[in-house]
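The values are calculated or read from the model by the stated rules, or taken from the named source; none is laboratory data. Just so you know, these numbers come straight off a predicted model, no measurement behind them. Note that we place each Cβ from the backbone using ideal geometry, even for glycine, and neighbour counts take in every protein chain shown. All accessible areas refer to the heavy atoms of the entire protein, side chains included, with ligands and DNA or RNA removed. Shrake-Rupley method; radii C 1.70, N 1.55, O 1.52, S 1.80 Å.
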Amino acid sequence: QVQVVESGGGLVQPGGSLRLSCAASGSAFSIYAMGWYRQAPGKQRELVAGISSSSGGSTYYRDSVKGRFTISRDNAKNTVYLQMNSLKPEDTAVYYCNTYLPARWDWGQGTQVTVSS
């Protein structure tokens, strides 16, 4: 079973940037499309961005983050990234990574992103 560890979250002012990382164990990482998800308090977990199995492959973004977030991956490092720019208070959530729809693996602990002045 693949395990994931998310990191890179924190407290940032509106308009700021963060780069999230997700490191996955095991050799299965490179065959899966990957996604970043988030869950805000009192809300359901939602898909934020996705990337196909190959580095530099096709990507998906939910409308609210298009033009601000960029997903990428490094299969040699079993890692997927989420560069988040121009952050808004509504981006505040716990961010998780998993395979891209459906989420096949156990969820990690996530990384908290708080956007506040």
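Filtering the stretch 89-113 to residues that are in contact with a strand residue (DSSP E or B) (Cβ under 6 Å, 6 or more places away or on another chain), assigned to a loop (DSSP other than H, G, I, E, B) and modelled with pLDDT of 95 or more leaves 92, 100, 107, 108, 110.
The number of residues in the stretch 1-31 that are touching a Phe, Trp or Tyr at 6+ places or on another chain (Cβ under 8 Å) and modelled with pLDDT under 95 comes to 3. Taken over the stretch 45-61, the criterion of being open to solvent by 60 Å² or more (accessible area, probe 1.4 Å), in a strand (DSSP E or B) and either in contact with a helix residue (DSSP H, G or I) (Cβ under 7 Å, 6 or more places away or on another chain) or polar (S, T, N, Q) (or both) is satisfied by 59 alone. Candidates 91, 63: the one that is acidic (Asp, Glu) and farther than 18 Å from residue 11 by Cα is 63. No other residue among 110, 42 is surrounded by 13 or more Cβ atoms within 10 Å (Cβ to Cβ) and farther than 20 Å from residue 14 by Cβ apart from 110. From (1) closer than 14 Å to residue 100 by Cα; (2) under 10 Å from the mean Cα position of the chain (by Cα), pick out the condition that doesn't hold for residue 45. The number of the failed condition is (2). Based on this model, can you work out whether residue 73 counts as surrounded by 18 or more Cβ atoms within 10 Å (Cβ to Cβ) and basic (Lys, Arg)? Spelling it out, residue 73 is indeed surrounded by 18 or more Cβ atoms within 10 Å (Cβ to Cβ) and basic (Lys, Arg).
Looking only at the stretch 98-105, decide whether some residue is closer than 17 Å to residue 16 by Cβ, out of contact with any Lys or Arg (no Cβ under 6 Å at 6 or more places or on another chain) and basic (Lys, Arg). No, the stretch 98-105 has no match at all.
With the requirement that a residue be among the polar types (S, T, N, Q) and surrounded by 15 or more Cβ atoms within 10 Å (Cβ to Cβ), what does the stretch 8-29 give you?
Restricting attention to the stretch 8-29, the residues satisfying the condition of being among the polar types (S, T, N, Q) are 13, 17, 21, 25, 27.
Of everything in the stretch 8-29, just one residue is among the polar types (S, T, N, Q) and surrounded by 15 or more Cβ atoms within 10 Å (Cβ to Cβ), namely 21.
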